[in-house]
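Trainee: Let me give you the structure first, and then I'll get to my questions.
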Amino acid sequence: MKKLIGVLLLTFAGVVILVASRQAPLETHPNAAVLPSQTEAPSPSPLPITVTPFIDGSQVTLIANYTEKKTGQELMSENSCNYLVNAGFYTKEGRPVGYVKINDQILKHEKESLLFDGFVTINELRTPRITRSLPHDPLTYALQTGPMLIENGDPLILKIQNDKEARRMFALIDGNNKILFGLVLSSTLADLPRVVFDWASSQNIAVADSINLDGGSASTYRGPNGIYPEISPIGSAFCIKEVVSSR
């Protein structure tokens, strides 16, 4: 009888531990939405992707729209853009969540975050980059966003709480230091590194780095190859002008 009671107690304890482990959150930092990333091999993805052409930094401008809240159509028309893609995240108060620099004006200083863990920058030599840390050379445009999707050619593993299918936006740098911006019609954030990497491989694109931009309702893509209007106002946008073949 004592042995039976002991077995039952051990079994009950094991069930409690199992339930507790399944209910444990994915993140360990109180302000984190993403765990540190690792590399993983991509797998095939059928999701459609729409992208701008590859361009150099001289063809890109970053536009702030935090207070004006103009539509993507208005921004595209007023700035004579060939393509327009939303940029970074913003708060309920209409302020950027992380570092933003446009020409000589810094709109927000750098934020420590596991989610917004990278930067899209264009320096004064018009070189576009996606990096983990903010470059120290003179920058014309800089946007803190995230999470990083691909780093040094490797797709990353993302563990996200409350992850859902949504429209996703990204920026990507190739091996020739050219940049493009893209839209994934529907994906979870955790799947996005694999989706982007798999698409790039199918197009014979050698990816250097890629990063997530604001998605969901506050995302837009506008160009000759597609118009995907935003539902909520976009906080900032990348305007691409005078597109010519660069690959």
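Computed from the coordinates by the stated procedures, all read-outs in this text should not be read as laboratory data. Here the structure is a predicted model, which is why all the values come from computation and not from measurement. Cβ atoms come from the backbone with ideal geometry, glycine included; neighbour counts cover every protein chain shown.
Trainee: Suppose each label sits 7 Å from its Cα in the direction of the beta carbon; what would the residue 103-residue 217 distance come out to in nanometres?
Mentor: 3.3
Trainee: Can you compute the FRET efficiency between residue 133 and residue 92 using 1/(1 + (r/R0)^6), with r the Cβ-Cβ distance and R0 = 25 Å? Round to the nearest 0.05.
Mentor: The computed FRET efficiency comes out at 0.35.
Trainee: Pairs 111/241; 92/164; 111/159: which exceed 28 Å Cα-Cα? Intermediate results must be reported in sequence, preceding the final value.
Mentor: Values: 111/241 30 Å; 92/164 21 Å; 111/159 20 Å.
Check vs 28 Å cut-off fails for 111/241.
Trainee: Another question about this same structure. With a Förster radius of 30 Å, plug the Cβ-Cβ distance of residue 204 and residue 161 into 1/(1 + (r/R0)^6) and report the FRET value to the nearest 0.05.
Mentor: The calculated FRET efficiency here is 0.30.
Trainee: Residue separation times 0.36 nm, minus the C-alpha to C-alpha distance between residue 112 and residue 231: what's the value?
Mentor: Between residue 112 and residue 231, full extension yields an extra 40.0 nm.
Trainee: Report the net charge of residues surrounding residue 211, where surrounding means a beta-carbon distance below 13 angstrom and charges are Lys +1, Arg +1, Asp -1, Glu -1. Display every interim value, and only then the final one.
Mentor: Details: positive: 129, 132, 168; negative: 117, 151, 209, 214.
Residues close to residue 211 contribute a combined charge of -1.
Trainee: Which of 234, 58, 179 sits farthest toward the positive end of the charge dipole of the range 31-240, with +1 on the Cβ of Lys and Arg and -1 on the Cβ of Asp and Glu?
Mentor: Sorting the options by dipole projection puts first 234.
Trainee: Could you tell me whether the range 91-247 comes out rounded, prolate or oblate from its Cα gyration tensor? Rule is a ≥ b ≥ c as square roots of the eigenvalues, rounded for a/c under 1.5, then prolate if a/b exceeds b/c, otherwise oblate.
Mentor: Taking the square roots of the gyration eigenvalues as a ≥ b ≥ c, the range 91-247 is rounded.
Trainee: Also, I was wondering about something else. Starting from 0.36 nm per residue, how many nanometres of slack lie between residue 188 and residue 69 once their C-alpha separation is accounted for?
Mentor: 40.2 nm
Trainee: Apply the a/c threshold of 1.5 to the C-alpha gyration tensor of the range 135-211 and tell me whether it is rounded, prolate or oblate.
Mentor: Values: a/c = 1.86, a/b = 1.31, b/c = 1.43.
Because a/c hits 1.5 or more and a/b fails to exceed b/c, the range 135-211 counts as oblate.
Trainee: Also: Kindly identify the range 64-173 as rounded, prolate or oblate by the Cα gyration tensor criterion: order the square roots of the eigenvalues as a ≥ b ≥ c, call it rounded if a/c is under 1.5, otherwise compare a/b with b/c, prolate if a/b is larger, else oblate.
Mentor: Note, shape of the range 64-173 comes out rounded.
Trainee: Still on this structure, please answer the following. How do 101-108, 60-67, 132-139 rank on mean C-beta neighbours within 10 Å, highest first?
Mentor: Peptide ranking by packing, descending: 60-67, 101-108, 132-139.
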